[in-house]
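Beneath this line is the structure, given in structure tokens, with notes to follow.
Here, each number is a calculation from the coordinates, and none is a lab measurement. In this text, all values refer to a predicted model and were calculated from it rather than measured experimentally. Positions of Cβ are generated from backbone atoms using ideal geometry, with glycine treated the same way; all protein chains shown enter the neighbour counts.
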Amino acid sequence: MGMVLVLLVLLLVVIGGLYTYNKSQVKKAEELYPPNGEFVTVDNCSLHYISEGSGNPIVFLHGGILSSSDFKEVVQLAAKQGYHALAFDRPGYGYSDRPRHVEVTPIDQAKIIHSAIKQLGVDKPIILVGHSWSGTMTLSYALQFPNEVAGIVLLGPAKYKEGYPAENGDPLSKMITTPILGDLMVKTLLKTPLGKRISNSMVKATFTPELPPEGYKEEVFAIGFRPRHFKANREDVLAFPGTSKQLSEKYKEIKTPIKIVVGEKDPFGTIEQAQRLKRDIPHATYTLIPNVGHMIPELHPKLVMDYVDDIYTQSTKTLSPEYI
């Protein structure tokens, strides 16, 4: 009995030490990568966003690894080209809050972003640019607010349950979202060498066969491997299959101009998903970029703006003159 007590005390000391260490490392990470944009509050949740330029509005929605910073170069280019560019940290990512005690599906996140855009006074139809996980979220936005979307650009998008890498969930996400155990894991392990190894592996797999920009790996570990951010990502992974299954039956109802863009070397099955969406929405245009992987916004910002310009040109043929 005495030995059991000793072991229990040692375990509690180790857990306490890891908790304290991880908390201090999170603080250091946030000091190293502070928020570089502004905040808007929606339903008691503070959302962080970056905004540059003036003109017709474009809203950029990042994928599942980092935050609005994935689009920082694209935002700068868009502003220089005469657009008003907005990129949000999705709920729970970066420096945005995430509603607690409720499910936050792609449908819910689209509603939250819509409320934020309205609160910021954006009253013209927007061009939506969604990357990766945000493919379904972007299409959900268009289904919910069809008269407020001028055009859509989808970059390496996930849109269907079938073929999604975590179609049936994944063990890590299930552990992290388990009550008590999940919270214990994210508050004690994310900033350890094990967490760093997982972070580096995720970045490598996501960028392959290309290489991440200088400093990206470090930023993912610093910001993406904080408890609330990482847990939000794992919740999103689990929420995606059911939501995309529900929404995919309605994709054919979308009348908005759409451009679907996929890298030829994308390792996540997005080529097959893009081809399926093209069949569901015949008026969409489909582009396969030679020798490019999944992380198009981070590595090919000029290409992103070329596609935005294309969709803007299409949208001006269908929208009222005040948009142009």
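Summary of computed values
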| item | result |
| --- | --- |
| Unique residue being under 24 Å from the mean Cα position of the chain (by Cα) and among the aliphatic types (A, V, I, L, M) when the list is Leu47, Leu12 | Leu47 |
| Residue under evaluation Ala158, criteria (1) within 21 Å of His229 (Cα to Cα); (2) assigned to a helix (DSSP H, G or I), criterion not met | (2) |
| Test: residue in segment 89-104 that is more than 22 Å from Glu30 (Cβ to Cβ), surrounded by fewer than 24 Cβ atoms within 10 Å (Cβ to Cβ) and of a type in the set (Ser, Thr, Tyr) | no |
| Output for segment 41-78, where each listed residue is surrounded by fewer than 18 Cβ atoms within 10 Å (Cβ to Cβ) and either in a helix (DSSP H, G or I) or touching a Ser or Thr at 6+ places or on another chain (Cβ under 9 Å) (or both) | Asp43, Ser46, Gln76 |
| Single condition Pro179 does not satisfy, out of (1) buried (at least 18 other Cβ atoms within 10 Å of the Cβ); (2) farther than 26 Å from Glu264 by Cβ; (3) free of Cβ contacts under 8 Å to residues at least 60 places away in the same chain | (1) |
| Conditions (1) charged (D, E, K, R); (2) touching a residue at least 40 places away in the same chain (Cβ under 8 Å); (3) within 28 Å of Leu247 (Cα to Cα); (4) in contact with a helix residue (DSSP H, G or I) (Cβ under 8 Å, 6 or more places away or on another chain); number of the one not met by Lys111 | (2) |
| Hey, Ile152 within 23 Å of Ser54 (Cβ to Cβ), crowded, with 19+ Cβ neighbours inside 10 Å and either among the aliphatic types (A, V, I, L, M) or out of contact with any Ser or Thr (no Cβ under 8 Å at 6 or more places or on another chain) (or both) or not | yes |
| Close pairs (6 angstrom Cβ cut-off, 6 or more residues apart or separate chains): free of Cβ contacts under 8 Å to residues at least 12 places away in the same chain and within 27 Å of Ser173 (Cα to Cα) in segment 241-270, small (Gly, Ala, Ser) and assigned to a helix (DSSP H, G or I) anywhere | none |
| Lone qualifier among Ile223, Ile311, Ile271 - being in contact with a helix residue (DSSP H, G or I) (Cβ under 8 Å, 6 or more places away or on another chain) and surrounded by 15 or more Cβ atoms within 10 Å (Cβ to Cβ) | Ile223 |
| Single unsatisfied condition, Gly82 versus (1) crowded, with 17+ Cβ neighbours inside 10 Å; (2) at positive phi; (3) in contact with a Ser or Thr (Cβ under 9 Å, 6 or more places away or on another chain) | (1) |
| Sole residue being of a type in the set (A, V, I, L, M, F, W, C), outside any strand (DSSP E or B) and exposed (fewer than 15 other Cβ atoms within 10 Å of the Cβ), chosen from Leu139, Leu194 | Leu194 |
| Restricting segment 136-148 to residues that are without any contact (Cβ under 8 Å) to a residue 40 or more places away in the chain and of a type outside the set (Asp, Glu), the residue that is farthest from Tyr251 (Cα to Cα) | Asn147 |
| Residues that are small (Gly, Ala, Ser) and within 16 Å of Met305 (Cβ to Cβ), drawn from segment 55-80 | Gly55, Ala78, Ala79 |
| Yes/no for Ile258 being on the phi < 0 side of the Ramachandran plot and surrounded by 22 or more Cβ atoms within 10 Å (Cβ to Cβ) | yes |
